[in-house]
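The values are calculated or read from the model by the stated rules, or taken from the named source; none is laboratory data. Treat the numbers as computed from the prediction; the structure is a model and nothing was measured. We place every Cβ from the backbone using ideal geometry, glycine too, and count neighbours over all the protein chains shown.
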Amino acid sequence: MSKRVFRVAEEIKKEMSKIIRELKDPRLVSMTSGTHVEVTRDLRYANIFISIYGTAGEQQTGLQILEKAKGFIRTEIGKAIRLRHTPEITFHLDRSLEYSDHIGKVMSKLKKGAEEKKD
């Protein structure tokens, strides 16, 4: 990944954090954040990975809210970042936090089981 693509991805991630805080939809869970952005080399497309802390239903609702606000979000990103073309954005649900929480629970169970065997 070139330095420019990386810098643009980081700027988009930073702006997404601001924009998510500005969205006024009450259905959007307060624990919503952009975790990762992947931008194509030609800077035409951006995949934005969103972490939404909540139930599966809240996650889907949050993703739908962001999809409906995609035009507004893209416009705001275009205003903040001066590029020839503002990238087309696609939202994806980032489940890495859930996965790491699951791994943590499994590790705790294994540790507890190992301690019980010692006794």
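The set of residues in the range 79-119 being small (Gly, Ala, Ser) and either in contact with a His (Cβ under 9 Å, 6 or more places away or on another chain) or over 28 Å from residue 59 (Cα atoms) (or both) consists of 96, 113, 114. Among the residues of the range 60-97, those identified as within 18 Å of the chain's Cα centre (by Cα) and of a type in the set (A, V, I, L, M) are 63, 65, 66, 69, 73, 77, 89, 93, 97.
Within the range 1-21, the set of residues being within 14 Å of the chain's Cα centre (by Cα) and more than 13 Å from residue 32 (Cα to Cα) comprises 9, 10, 11, 12, 14, 15.
For beta carbons closer than 9 Å, sequence separation of 6+ or different chains, a first residue in the range 37-61 that is more than 16 Å from residue 73 (Cβ to Cβ) and of a type in the set (A, V, I, L, M) and a second that is surrounded by fewer than 15 Cβ atoms within 10 Å (Cβ to Cβ) and modelled with pLDDT under 95, the qualifying pairs are 43/4; 43/83; 43/84; 43/85.
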